Each structure stands twice: as structure tokens, then as C-alpha cells.
1. Could you pull out every one of the helices (runs of 4 or more DSSP H) wholly within the stretch A:382-495 that has 3 or more residues that are within 14 Å of another protein chain (Cβ to nearest Cβ)?
2. Looking only at the stretch A:65-74, filter to residues that are outside any loop (DSSP other than H, G, I, E, B) and of a type outside the set (A, V, I, L, M); which one of those is nearest to A:F184 (Cα to Cα)?
3. Does A:A499 satisfy the criteria of being assigned to a helix (DSSP H, G or I) and modelled with pLDDT under 90?
4. Of all residues in the stretch B:235-267, how many are in contact with a Cys (Cβ under 8 Å, 6 or more places away or on another chain) and at the interface with chain A (Cβ under 8 Å from one of its Cβ atoms)?
5. Kindly list the number of the only condition in (1) under 20 Å from B:G288 (Cβ atoms); (2) touching a residue at least 60 places away in the same chain (Cβ under 8 Å) that fails for A:E431.
6. Within the bounds of the stretch A:136-150, is there any residue that is modelled with pLDDT of 85 or more, within 22 Å of A:D30 (Cβ to Cβ) and among the small types (G, A, S)?
7. On the phi < 0 side of the Ramachandran plot, in contact (Cβ under 8 Å) with a residue 12 or more places away in the chain and small (G, A, S): is that true of A:A452 in this structure?
Amino acid sequence: MTVQKEPLLQMSHITKTFPGVRALDGVTFDLFPGEIHSLVGENGAGKSTLMKILAGVYPEHGGKIRIEGQPQQFRNVRDAENAGVAVVFQELSLVRELTVGENIFLGREPSRFGVVEWNRVYAQAASLLRELNIDIDPRVTAGTLGTGRQQTVEIAKALSHNARILVLDEPTAALTGAESENLFAVLRMLRDRGVGIIYISHRLEEVFVLSDRITVLRDGKTICTVARGSFNQQALIAQMVGREVTQLFPHRARSLGEVVFEVRHVTVTDPTGRGGLLVDDVSFAVRKGEVLGIAGLIGAGRTELLTALFGATPGRTGEILVDSQPAKITRPSDAIARGIGFVTEDRKRSGLVLDESVVKNMTLVALEHVSGVFITSEAREIAASTKWFDRLRIKAPSLFAKVRTLSGGTQQKVVLAKWLMNEARVLFLDEPTRGIDVGAKAEIYQLIDNLAQSGVAVVLVSSELPEILGLCDRIVVLRQGRIAGEFSGAGATPEAVMARAIGASLPAA
Amino acid sequence: MSDRAETAHTEQPQIAASAAAPKLGRWLSASAIRSYSLVIAIAVVWAIFAGVTGGIFLSPRNFSNLMRQTAVTGILSVGMVMVIVTAEIDLSVGSLVGLSGMAAVMLQTVAHAGLVASVLLGLGVGLAVGALQGWLTAYARIPSFIVTLGGLLAWRGAAQGISGGNTYPIELPSFMALGQSYVNRVTGIALVTVAVAAIAWFAIHRRRAERRHGLESRSAIGTAVAALVASAAAAGFVLTLNAYAGIPVPVLILVAIALAGTFLMSQTTFGRRLYAVGGNPEASKFSGINVRRQVLWAFCIMGLLAGVAGCIYAARLGSAGPQAGTLLELDAIAACVIGGASLMGGRGTVLGACLGALFMASLDNGMSLKDVPDFVQSIVKGGILVLAVGLDALARRRD
């Protein structure tokens, strides 16, 4: 639809900074009524952050938002809702113990003198669901529905606000084909009614089918906007990943040893009993001194794979071989005993005891070797920790500083020191530079390279393509739990890796 | 020596020196200040009570009573602090004290058992209950609040059941001595001499270890002062007690348990892991710690100590009754929390818990000396508990 209208939404020069990270850098985005405008970009490009600003989740940001020409200052989510913005995020936010009807009208139940009129709640919910062609009984408890159907309820909830602007973040990730088709029909119906829809998805085929316009974000900036008729998958992918190489990665001249860690036909079942496979028949091998990258989108199963290999989650089948010997790993201490270390994705949640000191965190794994089998020796611990403190150039006031007070990069170094002190021979790194400023990132890249040079086998999971391409000798791409591709050398281009990650065909050579 | 030479020649030698420990900073850390403030609070309370009772409060006789009154709660708080550090709770401790004391005394009365057998039974009952509750919490994943709440009811019922509601007087003098006897004055002096020698040896050993690992920058004066203060306190403590009748046996047992507990928590890998599990169970799991086993151990130790406390409690009263130990868990929890433990886990010390027990017992004792009505005492203790923890929360928020 190319009728000239006033833009429904104008976001101009939006900037948002988190400690150490500039998530959005002068983004402009607009939306017309009766339009489906899609946002695409890699993980971390800024799409979700931009939408959170629109939803009122981040009241503090640079730049201006205008709806129908009126400047808006959202102090909270309510303000955004009142302005006609409805957002369905990737993370489900239904209250599992309440019914569908209660969820849809949560916080705004029709009431009389403070008493909720349940009949009206369920009648209105039922008619809304019918109108959207959603076959769910509003009296059913939300938690009993499958994820896909829960997502549908979330969409109904968003639509019940009579929003003028509807934002959907990866809505079809958990939907079946039929449910997705249904959703598209609903979206087209809403578009024809004049609602403006912002659609975020990695599934380019869907995006091409649905959208009137597509905007690409990369590294927090708007790269380009294309209208229907000019859609081209290769070009779009190139825009999503192409960038000048401003980050210098250590030059890799590594000599690879024999295979030290091998994984054969590993499958991980979903522990929440939903019956799906988080990881499906994955096999790979890593050599001494090699850095193997595991790329893929969020939800592809990368973290689930590493966590299961480490023995921290149940439900894993398949073989693990360390030094060509079968290894029985049922809990983390088994993996650790075999020389495996794991720098987890969320260091605050599973990497550090925040209220303890640097030295106590560093010695946590190797405690018995470094300090003593039963009785600890503070002097020995300090000596061992000082060695790593200096070697990794950890910027902390002292070994006794509480880890909570340190910067992200420094905290990550403490976690690394913990595993190095235990002489890890195989090191899993899951998003090792997440939430870390550029300077510290460079240091960590150097550390990873040093580790590889000294013979450690590194398995690196990262959502940052430059990181994976810059550090790894080989890259394995996971998609929906399965291996979707393997690259090394010249074949490892950003476009090829991204194409495999989203399931598109490879770019022409 | 080579390690030290290496670090001395790196580009940034200052890091090696300062990384080891800022000299004064260690003695002024948040947890250190917390312990000092509790000691000061106890000193203030003692001074106030000594004033309003015309000095009776600090007379050797009353001091002896006070110490004896602290013993049972103190022993329980040593176990409770371990449980609290792992972010769990044990509400059944009072009932367990009653049950284990009853079991021990009944074995003497009904089966004519001697000291060793009956004490072993008391300890055994405590340990078994602790293991059961620990297993239910750690492995069956039932919240400890619920498990031990059920225990509070069930073990009290069990005590009623095996005793038929009757109170059993203690006839075995050796058992009675556990609660009512005093350590020979000469032995007391000998013990404190050993204690001072041990403090000195420990301080020297530490200096030597530090020097071996190139950490001489640590304050020598600080270590010396701490050693001196500890020795002076120990000496004063024993001399005052000796001026009445000697160290009460329950107090000696408390000191032994407190020392063992402090050692376990602060100088062993077990203790280190306990703090890690309470501070962040997820990170502990990913670091290879068997979180469930640590929790189980904490409950086992708590149960064992409840058995000890049960024997002493009965011995002090001279009999085992089915209602013995009622509400003791609350005293133990209050002692831990006043001593700096956090119910969220990861924080708390045995020393703090014992000081907390001493603080509460001092309030009890002082108010009783002044004939303050029971209900007022309860209100005061409740208020002080909330105040103490509230002030602590405020101080932490400012960190």
C-alpha cells in the first residue's frame, strides 16, 4: 500500500546506552497506519531494545518518539499502552496459574464498584478469541496450554487493548505451520483496518511474505529500509552482517594437535517434559590447540548443548570421548575431573558467588588441589591467585575485593582464572564477551588465543559473528538443535554462517 | 621462592603487593565491623545491667549463671548457622532437643544404661533426625521450612509418645554432671594456658606461612594485637568463672563445639563450599560442588548438635520432660541472625552466632535480675531482634 499518509509512529535518533555498551546509536524508524513493517538484524543488533523503548520499558533514552505527530514521553509501560502501543515479546508473560480470560484482562477487568464482573470478562474474552479465529476456551488455565497456544493468547491480549501500533517479537518461533498461517491472516485483517504492525523475525521467508517494508538494524544503527518489490534475500543478509572490520583479532598461526574432545550423536531432550529435542544428533570433534565455534540463533540449542555436555542437565544421550576414551559425564564434577571447564553464559547467575572475594571465587573449582584436601591454606590460595591475578591483568583493588563490585570484563577474567587454575584442557566458552566493553573484549580475545596456543581445546559459543569468525579455526552452525553447516578457512564468511543459521540458502560463491 | 621472584619482576610489582592484602583494610572489612559492633553491644548491655543491678550482674556467680544459660542456645546456634548459611532453615530443633534428651534419660531409667550409652543414643537420635530432614530437603526437594515445621510437630509428638507424658528424673550422677558440674579450677587454669599457647602458635604459624608465600606486607601488628586480645579475653573469662566455682561443664562443651565449628566453617574446604552453596547454588553446581550433599551435611551436623544440646538441657534441669526445649529453635535462629547471618544464605559466622546467643542470654539474665515481667522480656527481645537485623540491612544497603 503506497498511499501517502501521515506516519503513525516516528522514532528519531533513538540512543540507548547500558553500562559499557551502546545498544542503540541514533536509530530512526517509522510506521504508517495500515502497514506491516518488519525489523530484521542479528542477535544484539538492537531490535528488542528499540521495541522495549517503544513499549515504555526504558523511559530513559536519547531521541524522540512521535505518535500521529504528537511527541510522546513514556514514563512506564502504562503510558505506552495508553498511547495505543501493544507489544508481544519473545519471553512469555502470561501468569500460568490464571485462566486465559483473566490473563487477557489482567489489571483492567471490567468491574462494578470494585467487584469484578466475571461474566463480562469471559464473554468479552470469548468474543475476542472468536474474532481472531483462535480456538481456545477462555476458562482454561493458561499454564496447561502449550507454548504455541500461550503465545496466541499473548497476541490476543495485546490486541484486546485496541492498539493502533502492534509489535510482535519472533511470534512464530513456537507456533505450528497452521497457527502461523492463522496469525498472518489476523495480521492482514488488522492491517486492513488501519493498525500499524511492527514484525520482528529471523524467518526471512515469512518476513518477505508479510511485509510492506523491511528495515535492517546492525550494531544499533539503521542500515537501510526496503519496500515491497525490492526484497532480495542475499542483499538483506549481506546488510545484516556486513561491516568494516574494526576489531583486530589476534593472528592465528596455530598448530593443531590430536583430537582431545569428541562428541558423537548427542541428543538432549527438553527436561520440562514438552517432548521436544533441544539438541538433535550433534557430533563434532575438537583438537588440542583448536578453537571451534558454535554459531546459531538464540534458541538453536547451543547453550543447551554445552550445558548437557558438561553434565549439568539431564536427558542427554550419545557419546563423549576425552582423549579418545569414553567419558561418563553425569554431573559437572565428572566433566571437571576430565579437565573440562565451562565459562557460562550468565556469569552472575552461574559463574560467580557475587558476595565473595576474588580469591575465593578463583579457587572454587581447584580448591582441593590449590589449598588442601580438607584444611584450607589461605597463604597457598593467595599465592596461586596472585599468579593469575597478574597474568590476566585483573583490575581489582585487591584479591579480597568482592566480585560484585567489579566490572563485567574483570568479572569474566575471574571466571576464566577459576578454570585456568584448575588446568582445564577443554574449555567451553558461552558468550564470553557479553556485556563487556570493547577494551576488555580485546583482552579476552587475546587470552583465548593464548589459551589455544598453549594447547587448550576451546569450544566457543557466540552470537557475535565477527567474534566467531575472528577467533575460530572451524565453525559449526546449529539450527533448531541440529547441525546445519560446518565452515572453515575461506568458506567461513558472515553471509554463509548467517544463511545457515536462519535456514536460508547459501549465497552464491 | 621462585614464585616470589617471578612476581617481583613482572611489569607491575605493585599489583602483587597490593593484591595480597591492604594492611588496615582487612581489619576494617564489613564483616569485621559487624563482629566488633556486636562485641561492643554486648559490652554496653553488660555495663548497663551492671549499673542498674549494683554490680551483681557481673559478679562471678551471676557471670557463671549467664555463661551456663548461654550454653544450650549457643550449641544449637553453631549448627543453625551452618543450615542458615546454605539458605535453609531448621524449625524442629527445639523438639529435637526434647526428644533426644528424653531418649537419653529414658535409656538410663528403663534400661539402666551408663553415661556413654545414653549420650550416644541422644546423639544418634539427633543425627538420624538431622539426616532424614536433610535428605527430604536436599534430595526430595521439599522446602526445609515445611520439612522442619513437620519435624517440629512430629518430634514433639514422639517425645510425648515414648515418655507417656511423664517427666523422668535423672538418677545417673555422671550424666547430671553434664549440665550441673564445674571443671576443676586447676584444670581450668591449665586449659586457658593451653588456649593462650595455641593462640600464640597459630599466630606464629600464620606469619611463617605468609613469609613462605611472599606475603610479608600483611600487618604483623594486626596479628599480634588480635592474638593478645583473644588471650586476654580467654584469661579474663576463665579467671572470673574460677572465682565462683570453675568453668561450668556445659560452657566447656560449648567452647569446644564453637571452636570446632569455627574451624570447620573458616578453615576447611567443607566450610568454603557451604558458603558457596548458600551464596550461589547455581554457580556452585557449575563449579563441581555437590550442592545436595553439602545441604545434607549441614542438617546432619545440626541434628547431632541438637542431640548434644538435648543431653545438656536435660542434665541442667535434672530431668527430661516431654515439653523440654520448646521454642529453642527461635532463640537459635535469633542468635544467628543477630550475629550477622542472612536467611538468604551465604553469610554468617559461628563466632557471630555465639556472640548473638550471648547477647540474647545477657538480656534475659539482666532483665530477670531486675524482676522484669516475662511478657515485657519477650517484647524487648522481639524488638531488639528486629532492630539489630534492620540496622544491619541498612548498613549493607549502603555498601
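1. On the way: elements: A:408-421, A:438-453, A:465-471.
In the stretch A:382-495, A:408-421 are the helices (runs of 4 or more DSSP H) which contain 3 or more residues that are within 14 Å of another protein chain (Cβ to nearest Cβ).
2. Restricting attention to the stretch A:65-74, the residues satisfying the condition of being outside any loop (DSSP other than H, G, I, E, B) are A:65-67, A:70-72.
Now restrict to residues that are of a type outside the set (A, V, I, L, M): A:66, A:70-72.
Numbers: A:R66: 27, A:Q70: 30, A:P71: 31, A:Q72: 29 Å.
Filtering first and then ranking leaves A:R66.
3. On the way: assigned to a helix (DSSP H, G or I): yes; modelled with pLDDT under 90: yes.
The answer is yes for A:A499.
4. First, pick out the residues of the stretch B:235-267 that are in contact with a Cys (Cβ under 8 Å, 6 or more places away or on another chain): B:254, B:258.
Narrowing the set further to residues that are at the interface with chain A (Cβ under 8 Å from one of its Cβ atoms) leaves none.
Total satisfying the criteria: 0.
5. (1)
6. Within the stretch A:136-150, not a single residue is modelled with pLDDT of 85 or more, within 22 Å of A:D30 (Cβ to Cβ) and among the small types (G, A, S).
7. On the way: on the phi < 0 side of the Ramachandran plot: yes; in contact (Cβ under 8 Å) with a residue 12 or more places away in the chain: yes; small (G, A, S): yes.
For A:A452, the condition - on the phi < 0 side of the Ramachandran plot, in contact (Cβ under 8 Å) with a residue 12 or more places away in the chain and small (G, A, S) - is met.
Residue by residue, here is whether (1) farther than 26 Å from B:A87 by Cβ; (2) modelled with pLDDT of 95 or more holds:
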site: B:V105; (1), (2): yes, yes
site: B:T109; (1), (2): yes, no
site: B:G114; (1), (2): yes, no
site: B:V119; (1), (2): yes, yes
site: B:G126; (1), (2): no, yes
site: B:Q133; (1), (2): no, yes
site: B:A138; (1), (2): no, yes
site: B:S144; (1), (2): no, yes
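The values are calculated or read from the model by the stated rules, or taken from the named source; none is laboratory data. Bear in mind the structure is a predicted one, so any value in this text is a computation, not a measurement. No Cβ is skipped: glycine too gets one built from the backbone with ideal geometry, and neighbour counts run over all protein chains shown.
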